[in-house]
Amino acid sequence: MAASQRKGEVVELERVDAAPGPAQHQHPDNAGFWESLHDGHLSLQRCGECETLRFPIATHCYECLSGEYAWESIDPHGTVDVAIRIHEAAAELPASGASLPEPWRSIAPYLTGAVDMKAGVRLPGRIICTCGEALTRGTPVRAVLLPASGGATVYGFAHTCVGTEK
């Protein structure tokens, strides 16, 4: 945990102006995650028994199987574990392939990958970077709020080369 954040302290995320991606898929089991983003911060479940910070979100802890948990705001900083650039999205592929639906097709090229968060979990997400440095493993990024289709908000990651909305 970063020295600048104490356990459970709420850290507000910055909003980045980017092409809208797809909206989230909500389910009652992950509602707390999306509610925290709506409130401007990134939260994950902390097990009430063994205190494991868990992702993916689940009804029961994968360490001790407890069903008790609380939503906890996490430090928004991390480093890129892996990133790839999607150069173009195929509109149609043979039946054996897959094609990217909108809005992905419209926002290509874009970066996506996995980020090792200071909180000790690895999160997947879109990475906003204009200089290309975020394609390198170990590059520092921060969790940010991104626009999604239908006016929704999702999280992603931004490199320092990307400014935030004022």
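ALA31 to VAL121: extension gain in nm, 0.36 nm per residue of separation minus the Cα-Cα distance? Spell out each step's value before the answer.
On the way: separation 90, 0.36 × 90 = 32.40 nm, distance 1.92 nm.
This chain segment gains 30.5 nm when fully extended.
Would you kindly calculate the translational diffusion coefficient of the chain, applying Stokes-Einstein with the Kirkwood radius from alpha carbon pairs, for 20 °C and a viscosity of 1.002 mPa s, and quote it in µm² s⁻¹ without decimals? Present the calculation step by step, with values, prior to reporting the outcome.
Working: Rh = 16.8 Å.
Estimated via Stokes-Einstein, D reaches 127 µm²/s.
Pairs of alpha-carbon atoms within less than 8 angstrom and 6+ residues apart define the contacts here; what relative contact order does the range 1-87 have, in percent?
On the way: 103 pairs, mean separation 27.9, N = 87.
Computed over the range 1-87, the figure is 32 percent.
What is the extension gain from ASP81 to LEU65, computed as 0.36 nm multiplied by their sequence separation minus the C-alpha to C-alpha distance, in nm to one decimal? Intermediate results must be reported in sequence, preceding the final value.
Details: separation 16, 0.36 × 16 = 5.76 nm, distance 2.79 nm.
Extending this stretch completely gives an extra 3.0 nm.
Given a 1.4 Å probe, how much area per residue of the chain is accessible, in Å²?
Details: 9000 Å² over 166 residues.
Heavy-atom SASA per residue in the chain reads 54 Å².
Over the chain, with every protein chain in place, what whole percent of the accessible area is carbon and sulfur at 1.4 Å, could you tell me?
Numbers: 4630 of 9000 Å².
Within the chain, the accessible surface is 51 percent carbon and sulfur.
Show me 147-160, 15-28 ranked by packing, highest mean number of other Cβ atoms within 10 Å first. Walk me through the numbers on the way to the answer.
Numbers: 147-160: 18.5, 15-28: 14.4.
Top to bottom by mean Cβ count within 10 Å: 147-160, 15-28.
Just by accessible area at a 1.4 angstrom probe, what is the order of GLU14, GLU35, GLU88 from largest to smallest?
Values: GLU14 75, GLU35 110, GLU88 150 Å².
If we order GLU14, GLU35, GLU88 from most to least accessible, we get GLU88, GLU35, GLU14.
The values are calculated or read from the model by the stated rules, or taken from the named source; none is laboratory data. Just so it is clear, the model here is predicted, and its values are computed rather than measured. Cβ sites come from the backbone with ideal geometry, for glycine too, and all protein chains shown count toward neighbours. Just the protein is used for accessible areas: all its heavy atoms, side chains included, with ligands, DNA and RNA removed. Shrake-Rupley method; radii C 1.70, N 1.55, O 1.52, S 1.80 Å.
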